[in-house]
1. How many residues does the range 369-393 contain that are surrounded by fewer than 19 Cβ atoms within 10 Å (Cβ to Cβ) and over 16 Å from residue 239 (Cβ atoms)?
2. Search the range 37-47 for residues being part of a loop (DSSP other than H, G, I, E, B) and within 19 Å of residue 61 (Cα to Cα), and hand back the single one that is nearest to ligand 1 (Cβ to nearest atom).
3. Only residues that are under 17 Å from residue 274 (Cβ atoms) and within 16 Å of ligand 1 (Cβ to nearest atom): list them for the range 217-251, please.
4. If residue 510 satisfies all but one of (1) touching a residue at least 60 places away in the same chain (Cβ under 8 Å); (2) surrounded by fewer than 14 Cβ atoms within 10 Å (Cβ to Cβ); (3) not assigned by TED's automatic domain parsing to the domain that holds residue 40, what's the number of the condition it fails?
5. Restricted to the range 409-430, and to residues that are part of a helix (DSSP H, G or I) and buried (at least 21 other Cβ atoms within 10 Å of the Cβ), which residue is nearest to ligand 2 (Cβ to nearest atom)?
6. Of the residues that make up the range 164-186, is at least one assigned to a helix (DSSP H, G or I) and either surrounded by fewer than 16 Cβ atoms within 10 Å (Cβ to Cβ) or under 24 Å from the mean Cα position of the chain (by Cα) (or both)?
7. Check residue 278 against each of (1) at pLDDT below 95; (2) farther than 17 Å from residue 249 by Cα and name the one condition it does not meet.
Ligand code: GLC
Ligand code: CA
């Protein structure tokens, strides 16, 4: 990547993930909707530094769905659930986003459908139905047992027996999410057409759900046992007891992804993002040997690290070292499947440091709605648990905690809805909300806003090289971003105590932004004091 080459939109962009059920309800049914997104586009980016300043939104599924997995069980790939609006609302959303220069990325769920999808309804009718092998059906073993040992991510086996035809179907998530057979050319063609449907409506990209799962071992062999199983695993968590060898990241998946990319490339400048969990060598293959697969295989590596300077730096350096020259990095710190960032890292100060890290590394950052307010894990009483993962694997595994309603103001239901929302609003909403944080020049929201608007004006932060600096300070991660002779230094203190950082033997620099938003000062590069959990950007 040379510094002068113009960046693509998805390289400059900061992506903001919206979980549509929880963003804003406009018709008083307690569930967020597409109109709620339209009405808050100005909050996301109105072209001025008073708004958050994101460049793209990714919306989790809004398709017709029985909601067994809150939209990740799709019953029609080419429509909008009436719960969220209709195609006309969607078209308005595209137009209104684009009018503001905001790109629109939608979720695409290729691994499985809902069991209510007409394809599955047909497929399960008889063994000879023309759509039978659009899904993955197997006979019981001769002793009547399951076709193989795979487990469902949500608990229990990955196979369910369908009484009508006496065969099992595969589902690595809920039983209501039967898996598609991507080895079948007709299914492949039909799925690729669903991409064209949305590309023609103007979407700028797709976030592809569990894309590494879509091709399974041709023989569906048993997965080997996982040698280090957590002894406290719920007994029905069969998935984590196995190594994911034959169900995930099969070599043949790459040819399929090249086809998917081919469809994106029938249109101008569209972007493919993939949800991929594999170790670095497997994961990096999803860029394609010639850069002909996904532009952004989601990189979750920072989520998996302990929140320590050394571990985080190592993860960044490993990533930078593993990327071929054409590959563009990206970083994710939170999403609808992970506990809230502020809760996971242990506090607001840590979450502020995380914001500076995420928005100053080389690569495309993805933010999760509400993290810009420092939202913490919600309190979900056991009887209010909605998530199938929480219902099957226990309250401590529920993802509902990270999906609570957006906190817009201090009114009832946090301004999210006029009626009781589908998940409880967090009790801290009276203090922690958009309206309050807008008034407060040092709030988390102000920090995100300042970082975002600063970032967009800095070629060094957008396309510049990344270079770690050995700062001789424990618990600190210090790096330089540089483009066209312009340099920015980012110094992050992960410790709960102050640290002295040495960046260079001599010279002076200007702190332009501290995570506490309370200092802008000239400092000596030989000796900078960082307060507990403080991060600074130095020019
Ligand atoms: C992905 C989604 C998750 C969903 C699962 C099944 O991991 O992010 O929310 O439950 O796929 O579609
Ligand atoms: Ca609604």
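The values are calculated or read from the model by the stated rules, or taken from the named source; none is laboratory data. All values derive from a computational prediction rather than experimental measurement. Glycine gets a Cβ as well: all are built from the backbone with ideal geometry, and neighbour counts include every protein chain shown.
1. Total meeting the criteria: 7.
2. 40
3. Correct list: 244, 247, 248, 249.
4. (1) is the only condition that residue 510 fails.
5. 414
6. Taking every residue of the range 164-186 in turn, at least one turns out to be assigned to a helix (DSSP H, G or I) and either surrounded by fewer than 16 Cβ atoms within 10 Å (Cβ to Cβ) or under 24 Å from the mean Cα position of the chain (by Cα) (or both).
7. (2)
Conditions tested, residue by residue: (1) in a strand (DSSP E or B); (2) within 16 Å of ligand 1 (Cβ to nearest atom); (3) surrounded by fewer than 21 Cβ atoms within 10 Å (Cβ to Cβ); (4) touching a residue at least 24 places away in the same chain (Cβ under 8 Å).
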site: 35; (1), (2), (3), (4): no, no, yes, yes
site: 51; (1), (2), (3), (4): no, no, yes, yes
site: 58; (1), (2), (3), (4): yes, yes, no, yes
site: 62; (1), (2), (3), (4): no, yes, no, yes
site: 68; (1), (2), (3), (4): no, yes, yes, yes
site: 79; (1), (2), (3), (4): no, no, yes, no
site: 82; (1), (2), (3), (4): no, no, yes, no
site: 98; (1), (2), (3), (4): no, no, yes, yes
site: 115; (1), (2), (3), (4): no, yes, no, yes
